[in-house]
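The values are calculated or read from the model by the stated rules, or taken from the named source; none is laboratory data. Quantities reported herein were computed from a predicted structural model and do not represent experimental measurements. Cβ atoms come from the backbone with ideal geometry, glycine included; neighbour counts cover every protein chain shown.
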Amino acid sequence: MKLYRVNNDSLRCILSTEDLEKYNIKLQDFVTQSSAATHFIRTLMQKAEEEIGFQSTHGMISLKVMEMPDHDLCLTITETPEDDFRGKLVKGISDLLSSIGSTDDSELKDLMDRFGADPDNFSLDADSDDFEYWDEVVIKFTDIDDAIEYASRVKYGRPIISELYRLEDGKFALAVHQGRMASESFDRVVSLASEFCTSIEEYRYDGAVLKEHGEVIIKEKAITALKKIDK
């Protein structure tokens, strides 16, 4: 596997037939956007950060695939920062409503809500393993000591995208985002929480529910910050 930085937002990867066999991936996986392709891209982004210092913006990824001689594959990966993408999405929905003669705010909100389900339907008991299909979770703790104990047990070589909230009922919620972590690493981090938390829920609506019913007390790298408290 050969990795090249194209610019700040793009990188290129050359995969040999041996690489494809090693990662059990093929051209069709990228064409159909299979789960195998998603998993591989996450692994690739982590590898690019480690080997060539490519800093992910954790935004929307676009992928171009070209088959080369000897059946090698050339992947060009480009990231659009999440805020830029969300702005374009909202504008696109607004333009659509305008084109059909409606710009009512309530209709815009209703249309956007259709992209997700009610957050209340996405709560799990702490001993459930279905969270492995989520790439952003909210881990709830009875008290801060449980959150600190959990963070102290997390083993991962780099800071994890995470925020800590104090909820209205006095409990705590830790939002943890997979970002470009490999799926296995993220699953281990989340699985560990079951020993210390009361529930694991899907992170929805860009954290709107958390912001409405709590206040953020650690805005970024919360797991790292909690580790330091434990020392």
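Name every residue in the stretch 196-205 that is in contact with a helix residue (DSSP H, G or I) (Cβ under 8 Å, 6 or more places away or on another chain), outside any strand (DSSP E or B) and at pLDDT 85 or above, in order of residue number.
Within the stretch 196-205, Phe196, Cys197 meet the criteria.
Run down Asp70, Asp83 and say which single residue is modelled with pLDDT of 65 or more and either in contact with a strand residue (DSSP E or B) (Cβ under 6 Å, 6 or more places away or on another chain) or over 23 Å from Arg158 (Cα atoms) (or both).
Going through Asp70, Asp83 in turn, just one is modelled with pLDDT of 65 or more and either in contact with a strand residue (DSSP E or B) (Cβ under 6 Å, 6 or more places away or on another chain) or over 23 Å from Arg158 (Cα atoms) (or both): Asp70.
Consider Phe131 against the criteria (1) modelled with pLDDT under 90; (2) out of contact with any strand residue (DSSP E or B) (no Cβ under 7 Å at 6 or more places or on another chain); (3) not polar (S, T, N, Q): it satisfies all of them except one. Which criterion is unmet?
(2) is the only condition that Phe131 fails.
Rundown of residues vs (1) closer than 23 Å to Gln46 by Cα; (2) at pLDDT below 85, yes/no style:
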| site | (1), (2) |
| --- | --- |
| Asp135 | yes, yes |
| Asp143 | no, no |
| Ile161 | yes, no |
| Arg166 | no, no |
| Ala182 | yes, yes |
| Lys231 | no, yes |
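Can you find even one residue in the stretch 204-227 that is within 13 Å of the chain's Cα centre (by Cα) and buried (at least 19 other Cβ atoms within 10 Å of the Cβ)?
Yes: the stretch 204-227 contains one or more residues that are within 13 Å of the chain's Cα centre (by Cα) and buried (at least 19 other Cβ atoms within 10 Å of the Cβ).
Pull up the stretch 133-168, narrow it to residues that are of a type in the set (D, E, K, R) and assigned to a strand (DSSP E or B), then point me to the one that is nearest to Cys197 (Cα to Cα).
The first filter runs over the stretch 133-168 and keeps only residues of a type in the set (D, E, K, R), leaving 135-136, 140, 143, 145-146, 149, 153, 155, 158, 163, 166, 168.
Right, trim to assigned to a strand (DSSP E or B) and you get 136, 140, 163, 166.
On the way: Glu136: 16, Lys140: 6, Glu163: 16, Arg166: 14 Å.
Step by step, filter the stretch 133-168, then rank; the result is Lys140.
Say whether the condition of being modelled with pLDDT of 80 or more, within 18 Å of the chain's Cα centre (by Cα), closer than 23 Å to Ile160 by Cα and outside the structural domain of Tyr156 (by TED's automatic domain parsing) is met by at least one residue in the stretch 51-61.
yes
Quick one: which helices (runs of 4 or more DSSP H) lie wholly within the stretch 5-76 and hold at least 3 residues that are of a type in the set (A, V, I, L, M)?
35-52
Which residues, counting only those in the stretch 212-221, are part of a helix (DSSP H, G or I) and touching a residue at least 12 places away in the same chain (Cβ under 8 Å)?
Listed by number, the list holds a single entry, His213.
Within the stretch 190-218, how many residues are among the aliphatic types (A, V, I, L, M) and closer than 14 Å to Ile148 by Cα?
Taking the stretch 190-218 first, the residues among the aliphatic types (A, V, I, L, M) are 190, 192-193, 200, 208-210, 216-218.
If we keep only those that are closer than 14 Å to Ile148 by Cα as well, we get 192-193, 217-218.
Matching residues across the stretch 190-218 total 4.
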